[in-house]
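The values are calculated or read from the model by the stated rules, or taken from the named source; none is laboratory data. The structure displayed is predicted, hence computed values, not measured ones. Ideal geometry is used to build each Cβ from the backbone, glycine not excepted, and the neighbour counts take in all protein chains shown.
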Amino acid sequence: AQHSEEATNELLAGMREFGGALADLIKSKAAAVQLRRPESRMEVENKPPTIQRAAHDSAIVQHYEELVEEWSDAVEELLEWVNGDDHDVYTTAAKSGVTAAGGGAGA
């Protein structure tokens, strides 16, 4: 029973380390994503009358449509990266001591 408890504690510690390393990996990738801000001349004050006027200005509407499309593409790319195999998740798992068989380092 003692050995089983030690193995469980070792596995849990490895999983916590892996989770932290994975979170850091995702944060670093997300931090690299830069979302372009609206041009200062296109900024719209967050007040209903100003928003109404901006909604009827085709240049402002087009500018924000382009921004939202760029932002959507950037977020989609990030999500594809997170869900894909082209990053260091496996390296992160190996460094944390978590193996595919579920054992920890030295198992």
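Observations on the model:
- Contacts under 9 angstrom Cβ, first residue in the stretch 73-87 being under 13 Å from Ala30 (Cβ atoms) and modelled with pLDDT of 75 or more, partner of a type in the set (Lys, Arg) and assigned to a helix (DSSP H, G or I), 6 or more apart: Leu78/Lys29; Trp81/Lys29
- Single residue of Ala31, Ala74 found to be surrounded by 10 or more Cβ atoms within 10 Å (Cβ to Cβ) and part of a helix (DSSP H, G or I): Ala74
- Screening Glu39, Glu6 for residues that are modelled with pLDDT of 85 or more and more than 30 Å from Leu78 (Cβ to Cβ) leaves exactly one candidate, Glu6.
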